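So the structure is just underneath, and the comments pick up after that.
Any read-out appearing in this document is the output of simple, stated calculations on the displayed coordinates, not a laboratory observation. Treat the numbers as computed from the prediction; the structure is a model and nothing was measured. Neighbour counts run over all protein chains shown; Cβ positions are idealised from the backbone, glycine included.
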Amino acid sequence: MLFATAVFAPLLGSLVALLFGKQIGDRAAQAVTIICMILAAICGTSAFVSLVYGGGAPGVITLATWVSSGDFSVTWALRYDTLSAVMVAMITFIATLIHIYSVGYMGHEPHGSVWRFFSYLSLFTFAMLMLVTADNLLQLFFGWEGVGLASYLLIGYWYHKPSACAAAIKAFVVNRIGDLGFALGIALIFVVFGSITFDAIFAAVGQHQNDSYSVLGGTFRAYEVIGVLLFIGAMGKSAQLGLHVWLPDAMEGPTPVSALIHAATMVTAGVFLMARMSPVLEYAPGAMAFVTFVGASTALFAATVGVVQNDIKRIIAYSTCSQLGYMFIAAGVGAYQASVFHLLTHAFFKALLFLGAGSVIHAMSDEQDIRKMGGIWKKIPLTYTMMWIGSLALAGVFPFAGFFSKDAVLEAAYASHGGFAKYGFWCGILAAFLTAFYSWRLLILTFHGAPRADKHTMDHVHESPLVMTVPLMLLAAGAVLTGFTFAHQLLGEHWQHFWGAAIHNGPHNHVMHDMHEVPGWVVALPAVVGLSGIALAYIIYMGMPALPAQLADRFGGVYRFLLNKWYFDELYDRILVRPIMALARGLWQVGDATIIDGIPNGVASLTAQGAGRVVKVQTGSIAHYAFAMLIGVVVLVSLYLIIR
Amino acid sequence: MNALNAAGFPLLSLLTFLPLVGGAVIMMIRGPEAAVASNARWAALWTSLIVFALSLVLWFKFDTSSAGFQFVEEAAWLPQWGITYKMGVDGISVLFVLLATALVPICILASWDSIETRVREFMFAFLVLETMMVGMFAALDFVVFYMFFEGVLIPMYLLIGVWGGPRRVYAAIKFFLYTLAGSVLMLLALLAMWYAAGSTDIPTLMATQFKPAVQTWLFLAFFASFAVKVPMWPVHTWLPDAHVEAPTAGSVILAGVLLKMGAYGFLRFSVPMLPDATAYFAPMIFALSVVAVIYTSLVALAQTDMKKLIAYSSVAHMGVVTIGIFTVNEQGISGALFQMLSHGVVSGALFLCVGVVYDRIHSREIARYGGLADRMPKYALAFMLFSMASVGLPGTAGFVGEFLVLVGAFKVNFWLAALGSMGMILGAAYMLYLYRRVIFGSITRDDLKSIMDLSPREIAVFAPLVVLTLWMGIYPSSFTVFWDASVHAMVEKHIAALASTSKLAGVIVP
């Protein structure tokens, strides 16, 4: 019951705040949601501890029937195993801190509206919890769409801002494109397995190995098609290359929302799906190669874009995109455990970085452009320290959390066989260099050098209140500790003991073993490139502050290409948004109004003219009428004979 | 009268004709105009509430384990022609009777203040409409069905033509001609069936095997009638005009119940009576439905009028229904039925949402609004819920039907499922775009700065719809259980019928 409490307490908080927020006021709504979240975090952590360390047994908690039609039947049920327990503990812990932080961050909002924000935050958490604890794909889809809704509401929280509304719609619609793939994947799983409940699917994996499915003019193994369709869903939610365009815009929402989206909820859903469906995906090598390829490309692409951005949140947003790429590299080579490990450590340091950025923005009177910052590290030393810790973890510096998980991902990629895995490894190495570089670019431009903000803003620079800094410190502790605390348990020799049956590695998948046997240079390389990235950023931005502008001038084309994020938005606008809107107007005004309505209106006027002629035919002569009738009968009879 | 009626009294006839009695009473009200209007409103509300309360007997007493017709009533009518007055419901129809009886009191409440002229006649027309709708879903004789099916047209025509907007006459006539044109062909089919089977009893017709060649013609005749009613692409253009001009309550009933008549007709006649033609024409229906989903969703995206946008979205949603029906598997048909019910509730609610702001500002122009969230938080919340249900968010009514149809369609063909589900993406686009332009943003117009949030009466109108939307999404089994047995029997019978014709034709069935 601990587990169920952890899942449903946020829902309770959200509903109370939503339905009674107006009556009880902001303070009470904040108190209720936070108490529910703390309760959830305590229950979630206890459930995790008792399962993994207390010898608890995994199981399924069935709540009620949901959809039932013929042989299609699913229930509302919570699945309690290591994967879901570890996710629940992480989500509830981080979401609780984000709730608490928001009390301070949203303190300047007009009173009487903040209850809405807290209600949405809790709803977001609940949807994500439903997603990770689902016992069947349809319930997972419920959570999946639920986080979509909550993110829409939160990104568009400042609904007066047109950019926020646009970003909210973009997030929902782009996600929906992925969701269509996911829904089709679920349908195919039902057609192949006759069930969409995890236990039933996993038990039958052996029997359908050679099932095939025809689509796109070819016949493929059904597992490969399933894998690709599910991954299309994951691409939407986890912002992989092509469907990533919503994520950077999602920072239009208040900063705590960005932290929640980028760290604990939403974007991790796709990675989770890969781990959850590992028993099937293990037998879809083609699909998994595709996963690695897309993940690796995303990791590199997003890192290149992050290098030149100037908005503090946008840089961090692209780093999320890039880190998600790492997770998919690991999942694609079969090291789901490494992928989930990176998800966990990333959750801590990314939440830390976003909330730290929020603290900076808060201090700078809502300025987000790092070109207008600088010279503030002495004024907000605590935030500065936190950002350092977050960046060290992100860059993968020993002994911070990212070091362990990023190394694990890259070692797994190297240890795995095949060209895609190698591609993943080298993209990952390159991205690691760029990650370290842009992280220190951000740190130096934000905190060091001469102040570039106006005096008024500079006078106001102040450290955030305790309600914001305490969550930062707790997250920082996570960003330092989660790496070496969990690395051994999750990936060490006793990893099977930790994971139990929650993640499946196929009989020919030895990556969990092989990743510990890679050559020494592979282990050292990520750390080396990371440190050189830091060094380069230090040299350029501390030593030669004029150089970046010269480089941007010199390589203007490349610079603009990166600054405009490889022109993805412009491309989609040209080839999708505008043509579709033009088509929509065309179908309406030409298709409906002119053609379809034109025919009946034409018929109507023909009838009117015809009636006039008929009047002339009515001559009054019986012979004429008889002749007309005869012709009619002949026509009818001959029609009848011909057609029958 | 049949003694085996589960209710112990002629429940369905009572449900059908009680509104007519109430209507007659209303027409007898005399006195000063204001008093007449007020009395007519209350009399209509009470009549419809009593009818709804009575119809709940169906909910509680319906035997969900049986696939057959229940609450059957029979009375001799024209015995020499083989025509009887026969009423009864099975799993396919029972919830539509309830949908009709539930929506009518909501509509009457919604028209409380917005209908100011000829209130008595309005209420009368509405109650006559209820009689026709309930009678149509409960009829078990083709002739009785046909009379109600056509009868629905008359009050609806009047509702649009008398209480409608500026172009009401054009819209009413277009509505009437389109739907009538199809119906005439159905009359021919009725005659042909009667001639072939010697009876117009629907269960008898279901048991009759028509020759494949005859089936083709009958199917086309039915198709002409039902496709217009659904409406399917490309005979859908009467719908946006009718919706735009109809008063709010008229739109609610039009979207909520009348659009279901076509799909219901397919399920009652085409699929069970004409299995070979159903199989033969299914690809054509799929093609038209997929076009409907994509085409009308795109057209919805370009709309500048709120009601037109929702009207076009209805066509897209009904496209999903027709796909589901013609997959003729359990998920497909069950999903289609669910989608019909949920669309009845959700699109009805969306038209009511438009009605709320129309009553205040007297404009349906999307650009006329913006920033309503500031002044109307309750309204914004209700509108959000119904928009999400329309988009098909899991946990709301709209998801279950769409998903079951997706599964059913997937069993037929990947592309049918993929293209038929494009509404998932396009629906999100047009609904959120609408919501953004109406609810989000800042208030710029003066009259919007003082616009009032939902009144207690309006909350009473929305509350049952909110409950239904969530209930249907979270615990759909309480609805699907009604038709599981009937759908199962229908699918089995269809497969058996196809197998027998293949055998007759000498084809070896594997």
| Inter-label distance for residue A:473 and residue B:64, nm, one decimal - labels placed 7 Å from Cα along Cα-to-Cβ | 5.6 nm
| Potential lengthening between residue A:531 and residue A:422 on full extension [0.36 nm per residue; Cα-Cα distance subtracted] | 37.0 nm
| What helices in chain B pass both tests, a Cα length along the helix axis of 30 Å or more and a mean Kyte hydropathy of -0.5 or higher, using whole DSSP H runs? | B:33-61, B:168-197, B:275-301, B:306-327, B:330-361, B:477-504
| task | Based on alpha-carbon positions alone, could you give the equivalent ellipsoid semi-axes of segment B:362-467 from the gyration tensor, as √(5λ), descending, whole Å? | result | 33, 17, 8
| field | segment B:181-302, Cα convex hull volume normalised per residue, Å³ | value | 104 Å³
| request: Evaluate the Debye formula for segment A:26-169 with equal point scatterers sitting on the alpha carbons, no solvent, and hand back log10 of I(q)/I(0) at q = 0.10, 0.16, 0.18, 0.19 Å⁻¹, in q order, two decimals. | output: -0.42, -0.92, -1.06, -1.13
| message | Once the cut-off is 15 Å, how many percent of the Cα-Cα pairs in segment A:445-484 end up in the long-distance tail? | response | 62 percent
| said: Take residue B:502 and residue A:571, extend 7 Å from each Cα along the Cα→Cβ direction, and tell me the distance between the two endpoints in nm. | reply: 4.7 nm
| remark: For residue A:435, the net charge from surrounding residues (Cβ-Cβ under 14 Å; K, R +1; D, E -1) works out to +2
| remark: The orientation-averaged projected area of the Cα convex hull of segment A:121-192, in nm², is 4.7 nm²
| note | The helix A:114-133 Cα axis meets the longest alpha-carbon principal axis of chain A at an angle in degrees, between 0 and 90 and rounded to 10, of 80 degrees
| residue A:378: which lysines have alpha carbons under 18 Å from its alpha carbon, excluding same-chain residues fewer than 8 sequence positions away? | A:455
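Using the Cα centre as the reference, give the magnitude of the dipole from point charges on the C-beta atoms of the protein assembly as shown (Lys, Arg: +1; Asp, Glu: -1; all else neutral), rounded to the nearest 20 debye. Please report the intermediate quantities before stating the final value.
Numbers: 59 positive and 58 negative charges, 386 e Å.
Charge dipole of the protein assembly as shown: 1860 debye, to the nearest 20.
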| query | Among A:125-132, B:442-449, A:69-76, how do they line up from the highest to the lowest mean number of other beta-carbon atoms within 10 Å? | reply | A:125-132, A:69-76, B:442-449
| remark: Along the dipole axis of the protein assembly as shown (charges at Cβ: +1 for Lys and Arg, -1 for Asp and Glu; origin at the Cα centre), the most positive-end residue among A:497, A:6, A:208 is A:6
| said: Return the Rg/Rh ratio of segment A:1-73 with Cα-based radii and a Kirkwood Rh. | reply: 1.15
| Relative to the present Cα-Cα distance, how much length would full extension add between residue A:564 and residue A:27 at 0.36 nm per residue of separation? | 189.2 nm
| What ranking of B:46, A:499 emerges when the number of other C-beta atoms within 10 Å of each C-beta is taken as an exposure proxy, fewest first? | B:46, A:499
| message | Can you compute the FRET efficiency between residue A:200 and residue A:544 using 1/(1 + (r/R0)^6), with r the Cβ-Cβ distance and R0 = 56 Å? Round to the nearest 0.05. | response | 0.35
| message | Treating only the Cα positions of segment B:21-118 as identical point scatterers, give the base-10 log of I(q)/I(0) from the Debye formula at each q in 0.16, 0.25 Å⁻¹. | response | -0.82, -1.22
| field | Length released on extending from residue B:495 to residue B:33, taking residue separation times 0.36 nm less the Cα-Cα span | value | 160.3 nm
| request: Starting from the alpha-carbon convex hull of segment A:81-142, give the projected area averaged over all orientations, in nm². | output: 4.5 nm²
| query | Counting only other chains, what is the mean number of Cβ atoms within 10 angstrom of the Cβ of each residue in peptide B:294-304? | reply | 5
| request: Would you work out the charge dipole size for chain B about its Cα centre, treating the Cβ of every Lys and Arg as +1 and the Cβ of every Asp and Glu as -1, and quote it to the nearest 20 debye? | output: 700 debye
| query | When you count, for each residue, the other Cβ atoms within 10 Å and take the mean per peptide, how do A:102-114, A:299-311 rank with the highest first? | reply | A:299-311, A:102-114
| request: Take every residue in peptide B:476-486, count the Cβ atoms of other chains within 10 Å of its Cβ, and give the average of those counts. | output: 2
| Share of alpha-carbon pairs per 5 Å distance bin for segment B:298-424, given as whole % | 2, 11, 20, 21, 17, 12, 8, 5, 3, 1
| said: Starting from the 7 Å offset along Cα-to-Cβ, what nm value, one decimal, do you get for the label separation of residue A:57 and residue A:452? | reply: 6.2 nm
| request: Note down the net charge around residue B:31, summing +1 for each Lys or Arg and -1 for each Asp or Glu among other residues with Cβ under 14 Å from its Cβ. | output: +2
| remark: Honestly chain A on the Cα gyration tensor test (a ≥ b ≥ c root eigenvalues; a/c under 1.5 rounded, otherwise a/b vs b/c for prolate or oblate) is just prolate
| message | Treating the protein assembly as shown as a set of equal point scatterers at the Cα positions, no solvent, please give the Debye-formula log₁₀ I(q)/I(0) at q = 0.06, 0.07, 0.08 Å⁻¹. | response | -0.52, -0.70, -0.88
| task | Compute the distribution of all C-alpha to C-alpha distances in chain B, in bins of 20 Å from 0, and list the percent of pairs in each, rounded to whole numbers. | result | 24, 59, 17, 1
| task | List B:330, A:411 from most exposed to least, where exposure is judged by having the fewest other Cβ atoms within 10 Å. | result | B:330, A:411
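Can you order the peptides A:364-372, A:328-336 by their average number of other Cβ atoms within 10 Å per residue, highest first?
Final packing ranking: A:328-336, A:364-372.
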| message | With 14 Å as the cut-off, how large is the P(r) tail for segment A:469-510, expressed as percent of Cα-Cα pairs? | response | 62 percent
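Normalised radius of gyration for segment B:226-290, please: alpha carbon Rg relative to 2.2 N^0.38 Å, two decimal places.
Working it through for segment B:226-290, the quotient is 1.26.
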| request: Excluding residue A:267 itself, calculate the net charge of residues whose Cβ lies under 11 Å from the Cβ of residue A:267, where each Lys or Arg counts +1 and each Asp or Glu counts -1. | output: +2
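Over all distinct alpha-carbon pairs, what is the Kirkwood Rh of segment B:328-387 in angstrom? Don't skip to the answer; put the middle values down first.
Details: mean 1/r = 0.0751 Å⁻¹.
That comes to 13.3 Å for segment B:328-387.
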| message | Can you tell me which aspartates and glutamates have their Cα less than 17 Å from the Cα of residue B:211? Leave out same-chain residues fewer than eight positions away. | response | B:276
| query | In 10 Å bins starting at 0, how do the alpha-carbon pair distances of segment A:528-598 split up by percent? | reply | 17, 21, 21, 14, 12, 9, 6, 0
| note | Once the in-chain neighbours fewer than 8 apart are removed, the lysines whose Cα is under 27 Å from residue B:307 read A:161, A:170, B:174, B:229, B:260, B:378, B:449
| said: Based only on other Cβ atoms within 10 Å, what is the fewest-to-most ordering of B:78, B:404, A:481? | reply: B:78, A:481, B:404
| request: Give me the angle, in degrees from 0 to 90, between the Cα long axis of helix A:622-643 and the longest principal axis of the Cα atoms of chain A, rounded to the nearest 10. | output: 50 degrees
| message | More than 12 angstrom separation, counting every C-alpha pair in segment B:148-189; what % is that? | response | 57 percent
| remark: Inter-chain shielding metric for B:387-394, i.e. average beta-carbon neighbours from other chains within 10 angstrom, reads 4
| note | Computed about the Cα centre, the charge dipole of segment A:455-584 from +1 Lys/Arg and -1 Asp/Glu charges at the Cβ has a magnitude in debye, to the nearest 20, of 440 debye
